[in-house]
Structures are given as C-alpha cells and as structure tokens.
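Computed from the coordinates by the stated procedures, all read-outs in this text should not be read as laboratory data. None of these values were measured; they are calculated from a predicted model. All Cβ positions, glycine included, derive from the backbone under ideal geometry; neighbour counts span all protein chains shown.
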Amino acid sequence: MKVDEIEIDDRVIGILKGQGIEELYPPQEASIGYALNGENLVLSVPTAGGKSLVAYLAMLKSVLNGGKAMYIVPLRALASEKFEDLKIFESIGVKVALSYGDLDSPEPELESFDIIIVTSEKADSLLRHRSHWLKKITIVVADEIHLINDPKRGPTLETILSRFKENAQIIGLSATIKNSEELAEWLDARHVKSDWRPVPLKEGVYLDGAISFIDNTTKKIKKEKDEIVSLVSDTL
C-alpha cells in the first residue's frame, strides 16, 4: 500500500514522503484501516515492524479532526524518543508535549497541546489529580502494552486503560505480548498479529568460524582477535 492511499491529511503524507516513507509494511497495511477508522486496536508485531507509525497516524488523524491524544510509555528514555519522532509534525500545527516529571502536579498547561507523551506513572498521576482536560482525550496509545502483565507496572496501566476505554480510542502496541487475543477482547479491539520483519530473523549456532543455521545454510565469519569480536564485526 502506497502512502498516497492513506486516508489522512495530505500534509501528513507529505511529511512521510519527506522522511523517505513511500510504502507501508504488510502489518501496517493490515492495521491502518482500523486505526484510522477510530477502532480500538491491539497490534502485535516484532521490533522494527512499523507499529509506532500506525499509532502516530491514528493520533494525527484524531488531532487534525479536533481531538487530543495521549501516548503512554513505560520509560522516560522511550518518551523522549517518541517526542523526537513526533516533533516533525509541529510544522503542520500539531503541538506535542512531553511530561514525565512532577507526579504531584495536575499540569493544567498540558491542555493547550494536541499530543501529550507521558509515562504510565505520569498518566496515573494526572488521573488521580482529576485534570479536567483529560475529558478531551480522544485517543490513547499504550506502547509496550505487554507490561499490563507485569506484577509491578501492570495494575497501573490496567487502571489507566480502564478509565479511558469507554470514551477514547485505545491502541496497544507490543512486540512480545503472548495473550494479545485476550487483551484485544478486553479492550473490544481489533487484533492484528504478525511475525513479519523488515529483516528476516534466523537462528543458528556459531562454531569454528561459521554460523550453521537451522535451515541448513552456513555463513563463514571473518576471524578477528576473538570469537565475540568476530561475531560483532560481522553484525556491524
């Protein structure tokens, strides 16, 4: 599917093309329709399979139609990464905020932003402070949603999604979740699961300067000063 075929503002398509994105990956094509139609979605795809772009486009469509988006991540470093990704859309008037600091503040200034990127702890704090602008949230993205099964982080994330799922679109992203069908049922969501990767993943055993793969192929590795350096050099 070419990006020109995506039913979204032409300015967004222009930015995608400017980033060298001309065509969607198969998992993106399988899920983009649900995401842009405002349906809840659980997307389980390996790392680098393009999950984030589907969520970005769903948020942008909602925001450009007058909505407000929240992107929830488990770690501050990941929050900063997503902020850098989404800043490019400020050129078309989309205001992006990053908030993971003071857990004792309702941060009323966040109301003026279109996409708010937060950690799950910050999202929980905003809900506990009853920040009035949260009622304006039209779409919530939960990155690394498999952490809902984590004994420490899971209850917080489950509470957040429970609070939003009645009135906002929910998109859950994960590369590793095992019970994605069950989670999709709980969220009343479409379920898209794929093992597709942009670069094939092969298993093998390294011995005596060569990797023997499970498909019976073999790859010779250039010998360096030790075995680990040889493997790392080949990977790079």
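What to note about this one:
- Counting every C-alpha pair in region 144-217, the share spaced more than 17 angstrom apart comes to 58%.
- Listed by chain and number, the lysines placed with their C-alpha closer than 16 angstrom to that of LYS193 are LYS51, LYS178; residues fewer than eight positions away on the same chain are left out.
- Under a 5 Å amide H cut-off, with hydrogens placed 1.01 Å from N, TYR71 pairs with ILE116, ILE117, VAL118, VAL141 among residues at least 5 apart or on other chains.
- Taking every alpha-carbon pair under 8 Å whose residues sit at least 6 apart, the chain reaches a relative contact order of 23 percent.
- Choice from ASN149, ASN37, ASN65 with maximal GNM fluctuation in the chain (Cα, 10 Å cutoff): ASN65
- Residue-wise HN-Hα couplings along region 171-176, as the Karplus relation 6.51 cos²θ - 1.76 cosθ + 1.60 with θ = phi - 60° gives them from phi, are 10, x, 10, 7, 9, 10 Hz; Gly and Pro carry x.
- Label-point gap, in nm, between TRP196 and ILE221 - each point 7 angstrom along Cα→Cβ: 3.1 nm
- For region 1-107, the Cβ-based charge dipole about the Cα centre amounts to some 100 debye (Lys, Arg positive; Asp, Glu negative; other atoms uncharged).
- Rounded to the nearest 10 degrees, the inclination of helix 154-164 to the longest alpha-carbon principal axis of the chain is 40 degrees.
- C-alpha long axis of helix 26-36 to longest principal axis of the chain, angle in °: 0 degrees
- Amide H contacts under 5 Å for LEU41, placed H, 5+ residues apart: ILE170, ILE171, GLY172, ARG190
- Think of the chain as having a plus end and a minus end, set by charges on the Cβ of Lys, Arg, Asp and Glu; of ILE139, SER174, ALA97, ALA97 sits farthest toward the positive end of this dipole.
- Distance histogram for the chain (every C-alpha pair counted, 10 angstrom bins, percent rounded to whole numbers): 7, 29, 31, 18, 11, 4, 0
- Residue-by-residue Karplus 3J(HN,Hα) for region 227-234, coefficients 6.51, -1.76, 1.60, Hz, glycine and proline x: 5, 5, 4, 4, 5, 5, 4, 5
- Residue with peak Gaussian network fluctuation, the chain [Cα springs, cutoff 10 Å], from GLY20, GLY209, GLY33: GLY209
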